[in-house]
Amino acid sequence: MRTESAGLSPFDYVRPVWRFKWLVLILVVAAAAAAYEYYKHKPTKYEAGTQVYVGASPLSNLLNGGSVVVSSATLAEDAQLVTTPQVARRVIDDLKLNTTSDVVLSGVSVVPDATSESLGIDVVASQPQLAITLVNAFARAYLEESAAAEQADAQSAIAGIKRQLARANGSTRTALTNSLAELEAAAALPAQVGQQLSPALGAAPTKANPVRDAVFAGALAFLLGLVACYMFDRSDTRLRRLDDIEGLLGLPILASIPRVRRADAVGGSAAEPVADLREPYRTLRVNLDMVRAKEGVRTIMVTSALPSEGKTTAVRNLALAYREAGLSVAIIEADMRRPVLGKLFGVSSDRGLSDILESGDKVDTALVTVAGAGTAARLDLVLAGRPPENPTALLRPEAFRAVRNQLLADHALVLVDSPPVLAVSDALAIAGQVDGVLLVVRAAVSTGATVKRLRQTFEQIADVTLLGTVANAVTDNLGVESYMYHYSHEATAPRSAARAASNTNGDIYGPLVDDSLETPASSES
């Protein structure tokens, strides 16, 4: 998908082919292999040829009132005559073949030669003698058909002169009588429409060239593959370029998060994100701090257009990045329909947001400390609680503000994990109760139409501050961030072992691993 403001770079022309490179490769290999095998095992054919002189006969000159010049156009008409069904039927009758005109004509080709006023007739057949017999038969049939056509023209002309004689008198009658006598005498002579100059005596085998044909088939398949790549790319409305996401939302991209095996901490510590996400979320934290400093933001709602775009994982890793920076962070799990934060952090609680919103109890009764208990840099959770019947009705502004204000008293930052905006209306009830909203868009999954609807939805809500966008699950080097992550991993790798051993500087991310993973991240809300 393209935005009007986004210019095309050379990479934009290569990207569709790179995306579907395996399709192109399969097409080329399959076409080349099929062509090679076909022509390698194709039965040998034999070709025989002959030359037929095409000259103007005396009868033809007489019919046309003078000497006739054999032109290229005349030769082209004669060449077409050789391959007509009438000539083919003469060949079939002459050789007593049990076949059709189309079958006989399938191996015939004719090349006119204006220099020698002749036609080159070639016939390809399965047997050498059959090719010789057919090509000579076509030469004879062509001459016979030409003679028959010329005789028909002569008889027509004779009939016309006789009709004129019936009405003529005097000198005109004498001239017509002389013309009639001359024409009848010429028509009575043997036909002289042409001559077979070199009857075919042998046939040469036509050997296939499987390598040449395989190369040609592969080249043709490559061109077709290129067309298919651009057609598929054109019809794919999923957003893959950072410029597209930024242009459609009209918001800055604060960070692009690379695609990793798992974006959660399954198999590792619940208080540590995967190593590949360390620098991306540090980048997000730094960029978000610049916005927060200008706007005075302390409560941030993180949301997306639809489920499975990675907003909950973004909340988790962003909170850990802020804790690493020495801030106390609280997370409110406002997605009471599909709560997963407890599973991601490996914690549970009997009470949650739904309970304290209904009862009006203090938020401390539902607070769960994940890391940094008793320190300034700690991470606390308010889980979703038991699923309510009507979450939207439960998220009353005054009740939610009370929970938010209690958390702000003890935490530098409050993050709110909300449901997807286009899926349910819960997020819209929360948007007006926070200082800013952070949008998560999953690359190669979110479509242009979805992102436009997301933007339009927030444009209709008053007093909502959109802070920026997080491009999630980015697989291509589509922006400066992707290069920075790779560079940072290489630069810090030699120090990772010592850092993991001492861990005295507050680094909670653990040792570094390879940054080139391309398998999907986990799909949570």
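Structure summary
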quantity: Filtered residue count, region 118-154, keeping only those that are of a type in the set (Asp, Glu) and either under 52 Å from the mean Cα position of the chain (by Cα) or open to solvent by 50 Å² or more (accessible area, probe 1.4 Å) (or both); calculated: 3
quantity: Residues located in region 383-400, provided they are surrounded by 13 or more Cβ atoms within 10 Å (Cβ to Cβ) and either without any contact (Cβ under 8 Å) to a residue 40 or more places away in the chain or not hydrophobic (A, V, I, L, M, F, W, C) (or both); calculated: GLY385, ARG386, PRO388, PRO391, THR392, ARG396
quantity: Residue in region 465-481 that is over 17 Å from PRO273 (Cβ atoms), under 29 Å from the mean Cα position of the chain (by Cα), at pLDDT below 55 and not in a loop (DSSP other than H, G, I, E, B) present; calculated: yes
quantity: Unmet requirement for LEU201, which otherwise passes all of (1) open to solvent by 70 Å² or more (accessible area, probe 1.4 Å); (2) assigned to a helix (DSSP H, G or I); (3) farther than 30 Å from LEU27 by Cα; calculated: (2)
quantity: Restricting region 441-464 to residues that are under 26 Å from the mean Cα position of the chain (by Cα) and open to solvent by less than 20 Å² (accessible area, probe 1.4 Å), the residue that is nearest to ALA334 (Cα to Cα); calculated: VAL441
quantity: Any hit, region 155-168, residues being free of Cβ contacts under 8 Å to residues at least 40 places away in the same chain, in contact with a Leu (Cβ under 7 Å, 6 or more places away or on another chain), open to solvent by 30 Å² or more (accessible area, probe 1.4 Å) and polar (S, T, N, Q); calculated: yes
quantity: Candidates ALA384, ALA399 - the one that is among the hydrophobic types (A, V, I, L, M, F, W, C), assigned to a loop (DSSP other than H, G, I, E, B) and touching a Leu at 6+ places or on another chain (Cβ under 6 Å); calculated: ALA384
quantity: ILE356 being assigned to a helix (DSSP H, G or I) and either open to solvent by less than 60 Å² (accessible area, probe 1.4 Å) or of a type outside the set (S, T, N, Q) (or both); calculated: yes
quantity: Residue satisfying condition, being modelled with pLDDT under 90 and more than 47 Å from the chain's Cα centre (by Cα), within set PRO10, PRO58; calculated: PRO58
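The values are calculated or read from the model by the stated rules, or taken from the named source; none is laboratory data. On a predicted model such as this, the values are computed, not experimentally measured, just so you know. Ideal geometry is used to build each Cβ from the backbone, glycine not excepted, and the neighbour counts take in all protein chains shown. The accessibility values were calculated without ligands, DNA or RNA, using every heavy atom of the protein model including side chains. Shrake-Rupley method; radii C 1.70, N 1.55, O 1.52, S 1.80 Å.
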